[in-house]
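Here you go, one structure.
Please treat every number below as a calculation from the coordinates, not as lab data. It should be emphasised that the depicted structure is a prediction, and the values quoted were computed from it without experimental measurement. So basically every Cβ, Gly included, is an ideal-geometry build from the backbone, and we count neighbours across all protein chains shown.
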């Protein structure tokens with residue numbers, strides 16, 4: 001008997017997790033805006049902290065269950081927990097699996113909230129020691145791991161430098177001492193990088209970004225084996241109350257349905273824009289994993305065979321005044337934080353930012369993090385070009 005063919009990513013994103021038992025026969029999952037549910041009256045015991053059935057919104061809700069099942073199907077995970085933000089997902093992971101006296105190895109190139117958690121909050125409040133490493137350098141990671149290391153946390157691609165870590169090699173190093181490997185894969189989306197299949201124990205996403213894709217909902221998720229995710233659900237979701245509300249879960253699930261189409265366009269646009277920038281005399285450097293000039297290009301080809309996402313970093317020639325003028329001249333591209341939205345977003349990090357010390361040398365004179373949108377690539381390029389002309393670089 002032949003093995004049933006697995007549905008493709010488009011089919012999975014549209015159909016996985018959907019409930020067909022709505023009393024009115026709805027095709028799209030309704031929004032369940034109810035905070036509590038009827039309890040059994042036949043004497044059936046009630047688990048007041050249960051996470052598998054509807055009891056109270058903090059324990060879970062149908063829209064959350066649909067979204068979690070969709071994400072598991074796309075990622076190939078046993079279980080998923082969705083929480084109120086990407087930072088809630090990160091915090092939940094760290095607080096659930098770390099205790100006083102533990103040691104952590106963390107990417108020094110990482111999201112600002114992760115940096116604050118590991119530089120300040122967790123060491124100061126819980127005496128957790130942290131060693132920051134260049135996660136793209138596997139030998140440096142190996143040197144940092146000790147018998148007391150309980151968690152290795154990396155980002156791939158790294159935010160904001162797009163550096164690529166060798167996930168299989170780092171997973172082997174972590175597991176050798178009994179540590180967990182968590183990977184923040186927000187920059188890649190669940191379609192372009194599969195950390196769990198590469199040996200990671202947990203994968204974390206800010207769903208606010210590519211998974212939702214429309215810039216109108218905040219959420220985070222953690223995926224992995226059931227026994228690990230259950231611990232996060234019981235602690236961070238039920239007891240800490242970091243639940244994702246039904247309306248947000250609905251919006252993110254709706255955005256998720258078009259993820260394959262969007263990621264294809266993001267990748268195509270980003271490659272076109274990165275190529276243009278790499279050839280422009282106005283540009284000082286470009287980091288994009290799909291360019292052969294990227295330091296981990298060969299590794300990215302192996303780990304991300306289906307595309308390199310829509311995130312790149314670059315810098316232009318000129319002083320701070322030139323950078324400010326360039327930003328002001330942009331018309332289509334918005335100067336704003338976040339990423340993975342429909343529209344192109346750019347944000348500038350100045351040379352005097354305290355975070356600069358953690359980035360590769362080439363970044364330390366200042367740089368732009370650029371989230372390529374779904375506009376026509378030629379229109380994005382035209383906006384960059386006119387801004388270069390406006391500030392005298394062309």
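Can you pull the semi-axes for the range 55-159, root of five times each eigenvalue of the Cα gyration tensor, sorted largest first, whole Å?
Each semi-axis is √(5λ); the values are 28, 17, 12 Å.
Let me ask you something else. Can you tell me the Rg and the Dmax, both Å, for the Cα atoms in the range 259-390?
Values for the range 259-390 (Cα only, Rg and Dmax): 14.2, 40 Å.
Let me ask you something else. Alpha carbon centre of the range 100-131 versus the range 33-48: separation in Å?
40
Could I ask something else about it? Can you sort 10, 122 so the residue with the fewest Cβ neighbours within 10 Å comes first?
In order of increasing Cβ crowding within 10 Å: 10, 122.
A follow-up question, please. Counting other C-beta atoms within 10 Å, which of 152, 66 has the fewest, and how do the rest follow?
Exposure proxy ranking, most exposed first: 66, 152.
Additional query: When all alpha-carbon pairs of the range 202-303 are counted, what percent fall beyond 23 Å?
Counting pairs separated by more than 23 Å, the tail of P(r) holds 49 percent.
Based on alpha-carbon positions alone, could you give the equivalent ellipsoid semi-axes of the range 320-373 from the gyration tensor, as √(5λ), descending, whole Å?
Each semi-axis is the square root of five times an eigenvalue, giving 21, 14, 7 Å.
Looking at the chain, send over the antiparallel percent of its DSSP beta bridges, to the nearest 5.
Taking every DSSP beta bridge with both residues in the chain, the antiparallel ones total about 55 percent.
Would you give the gap between the C-alpha center of the range 258-309 and the C-alpha center of the range 145-200, rounded to a whole Å?
With the range 258-309 and the range 145-200 each reduced to a Cα centre, they are spaced 21 Å.
Taking only the alpha-carbon atoms of the chain, what semi-axes of the equivalent ellipsoid follow from 5 times the gyration tensor eigenvalues under a square root, in whole Å, largest first?
After diagonalising the Cα gyration tensor, the semi-axes are 36, 26, 19 Å.
Additional query: What fraction of the DSSP beta bridges in the range 259-390 is antiparallel, stated in percent and rounded to the nearest 5?
85
Turning to a different aspect of this structure: Can you give the percent of C-alpha pairs in the range 128-278 whose distance is more than 21 Å?
Distances greater than 21 Å cover 52 percent of the Cα pairs.
Express the relative contact order of the chain as a whole percentage, based on alpha carbon pairs under 8 Å and six or more residues apart in sequence.
It rounds to 16 percent for the chain.
Taking neighbour Cβ counts within 10 Å as the exposure measure, how do 247, 263 sort from fewest upward?
Listing 247, 263 from fewest to most nearby Cβ atoms yields 247, 263.
Using the Cα atoms of the range 130-193 to build a convex hull, what is its mean projected area in square nanometres?
Seen from a random direction, the Cα hull of the range 130-193 projects 4.1 nm² on average.
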